[in-house]
Amino acid sequence: MAKFYDLAILGGGPGGYVAAIRAAQLGLSACLIEMAVPGGVCLNWGCIPSKSVIHQASQFRALAEMEAVGVGVDRRGLDYGRVQARSREAADTLARGVAALLKKNNVDVVMARGTLRGRGGIALSGGQADGSTIEAKTIIVATGSRPLRVPGFAIDEKVVLSSTGALSLEVLPASMAILGAGAVGCEFAFVMNAFGVRVTLLEVAPHILPAEDHEVAAVLEASLRRSGIDVRTNTRALGLREGGAEAIVDIETAGKPASVRAEKILAAFGRTPNTDGIGLDAAGVAVDPAGRILTDAPPGRTNVPGLYAVGDVTTTPALAHVASKEGEIAVEHIAGRPVGAGLDPDLVPSAVYCEPQVVGFGLREDEARRESVRYAASVFPTAAPARAWPSAGPRASSRSWRPPTPARSWAPTSSGRTRRSSFTNCCSPRPPS
Ligand SMILES: Cc1cc2nc3c(=O)[nH]c(=O)nc-3n(C[C@H](O)[C@H](O)[C@H](O)COP(=O)(O)OP(=O)(O)OC[C@H]3O[C@@H](n4cnc5c(N)ncnc54)[C@H](O)[C@@H]3O)c2cc1C
């Protein structure tokens with residue numbers, strides 16, 4: 001017999017588990033269906049493990065700076081397997097924490113794959129619940145996303161890696177070619193380079209971090225280049241070939257063909273929503289051409305009554321804090337509470353955790369210009385504040401790291417649109433090791 005709940009949530013990532021806990025807090029009976037591990041991509045294969053390896057990479061890089069004060073550190077003893085183990089430990093600990101929170105809040109967690117079936121129904125497959133059904137007054141779809149697969153770049157997690165494969169490496173390759181210089185591509189470029197891997201970073205757009213302010217992205221690009229990363233913008237990856245111990249990426253830069261050889265390839269083209277095979281068609285849920293669920297955020301209702309969607313499956317920015325906030329808002333609405341204006345996409349911060357770090361929110365300057373928003377721009381050199389000196393010492397003033405226009409912020413002078421600020425972290429300029 002089917003079990004009945006006020007709310008069933010499909011997917012236990014930051015969108016799903018936050019929604020489930022909030023529902024329980026508001027007195028709703030809630031069931032969370034998760035086919036892998038509670039915590040989703042963010043805790044298990046995204047934000048948390050990547051930030052762990054980034055932190056360790058920064059520390060490893062900083063060791064080289066100690067030589068300037070007479071401390072010689074032999075960095076050859078690096079055991080990347082242990083770097084990896086630490087990253088897994090961080091992810092596993094937090095995922096266990098999420099499981100404990102769900103239990104404490106009396107959320108029923110069902111470990112199975114769920115598929116929407118009829119109105120308010122979810123069919124379960126796999127695990128102990130195999131073959132059973134959940135019925136609920138309301139359903140939230142929070143099935144997240146997976147690495148985008150591009151024809152010609154088949155991910156085998158051996159030579160051609162996704163971010164998940166890169167976060168599973170136990171041994172460092174000698175070289176890596178990274179296809180795509182968005183946040184994930186840049187963060188892995190930083191990590192691999194810091195640990196001594198020869199890195200080529202390929203980006204089809206004219207600059208890295210295509211979603212960020214161009215001038216701020218240029219600061220990071222210059223820093224990555226100085227660290228020894230071969231950054232190639234305006235470069236399209238055309239295909240892959242076997243080349244003995246290395247793979248060969250055929251590329252085209254501004255119309256000129258060339259190739260890049262690397263032991264490992266990281267396909268960081270972006271993410272695609274997990275909306276296929278979960279019964280959306282049968283339920284009549286409207287999606288956009290990329291397969292993302294269309295919602296009326298807030299509160300995140302789909303076109304099907306009683307069915308909501310939050311997080312990476314929707315058209316809003318694919319970020320963990322967005323997923324969580326959307327989950328919370330949807331549940332408040334389901335519980336009959338006021339949700340107000342909801343989430344303002346112009347005020348969603350995004351961050352790229354390289355050195356220097358890049359943060360942005362709101363409209364970019366080029367977008368403001370395109371939308372005829374009147375704005376005032378201000379530019380501040382990150383080398384200027386006194387705080388930069390203790391961290392960077394004389395390098396804070398050296399031309400080699402001082403960016404041309406490193407920090408920008410602007411505010412519209414007339415219009416309802418919010419302002420955007422975009423800047424690099426002034427206090428962590430580090431030299432190439
Ligand atoms: C390498 C990397 C680094 C990142 N770093 C950051 C960062 O620093 N900051 C940030 O904000 N964001 C970051 N992100 C993005 C962030 O991970 C996602 O935006 C976030 O995880 C989305 O949450 P979600 O709940 O929508 O989906 P997910 O986290 O993808 O969770 C969806 C869950 O649903 C489950 N599921 C899917 N289908 C079914 C089904 N049919 N039945 C049952 N369960 C199902 C999955 O197993 C998964 O656990 C990063 C992503 C990656 C890949």
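The values are calculated or read from the model by the stated rules, or taken from the named source; none is laboratory data. What you see is a predicted model, and the numbers here were worked out from it, not measured in a lab. Cβ atoms come from the backbone with ideal geometry, glycine included; neighbour counts cover every protein chain shown.
Please find, among VAL53, VAL18, the residue that is in contact (Cβ under 8 Å) with a residue 60 or more places away in the chain, under 30 Å from ARG117 (Cα atoms), assigned to a helix (DSSP H, G or I) and within 11 Å of the ligand (Cβ to nearest atom).
Of VAL53, VAL18, the one residue that is in contact (Cβ under 8 Å) with a residue 60 or more places away in the chain, under 30 Å from ARG117 (Cα atoms), assigned to a helix (DSSP H, G or I) and within 11 Å of the ligand (Cβ to nearest atom) is VAL18.
How about the range 70-103: which of its residues are in a helix (DSSP H, G or I), aliphatic (A, V, I, L, M) and touching a residue at least 12 places away in the same chain (Cβ under 8 Å)?
The answer is VAL83, ALA90, ALA91, LEU94, ALA95, VAL98, ALA99, LEU101, LEU102.
Checking GLY27 against (1) within 16 Å of the ligand (Cβ to nearest atom); (2) farther than 20 Å from ALA194 by Cβ, only one condition comes out false. Which one?
Failing condition for GLY27: (1).
If I ask for residues that are near the ligand (Cβ under 10 Å from one of its atoms) and in contact with a helix residue (DSSP H, G or I) (Cβ under 7 Å, 6 or more places away or on another chain), which ones from the range 294-313 would you list?
Taking the range 294-313 and keeping what is near the ligand (Cβ under 10 Å from one of its atoms), we get 309-313.
Within the range 294-313, VAL310, GLY311, ASP312 qualify.
What are the residues in the range 9-47 that are over 30 Å from ASP130 (Cβ atoms) and hydrophobic (A, V, I, L, M, F, W, C), if any?
Of everything in the range 9-47, those that are over 30 Å from ASP130 (Cβ atoms) and hydrophobic (A, V, I, L, M, F, W, C) turn out to be LEU26, CYS47.
In the range 30-50, what count of residues is obtained for those that are near the ligand (Cβ under 8 Å from one of its atoms) and crowded, with 24+ Cβ neighbours inside 10 Å?
10
Might you let me know whether the range 27-39 holds any residue that is part of a helix (DSSP H, G or I) and touching a residue at least 24 places away in the same chain (Cβ under 8 Å)? Even if it seems obvious, please write down each step before you answer.
In the first step, residues of the range 27-39 are kept if they are part of a helix (DSSP H, G or I); the result is none.
No.
Would you confirm whether any residue within the range 233-253 is touching a helix residue (DSSP H, G or I) at 6+ places or on another chain (Cβ under 9 Å), modelled with pLDDT of 95 or more and more than 28 Å from PHE190 (Cα to Cα)?
We begin by selecting, within the range 233-253, every residue touching a helix residue (DSSP H, G or I) at 6+ places or on another chain (Cβ under 9 Å); these are 233.
Going one step further and asking which of them are modelled with pLDDT of 95 or more, we end up with 233.
When the remaining residues are screened for being more than 28 Å from PHE190 (Cα to Cα), the result is none.
No: zero hits.
Every residue in the range 142-166 that is over 21 Å from GLU246 (Cβ atoms), in contact (Cβ under 8 Å) with a residue 40 or more places away in the chain, assigned to a loop (DSSP other than H, G, I, E, B) and not basic (Lys, Arg), please.
ALA142, THR143, GLY144, LEU148
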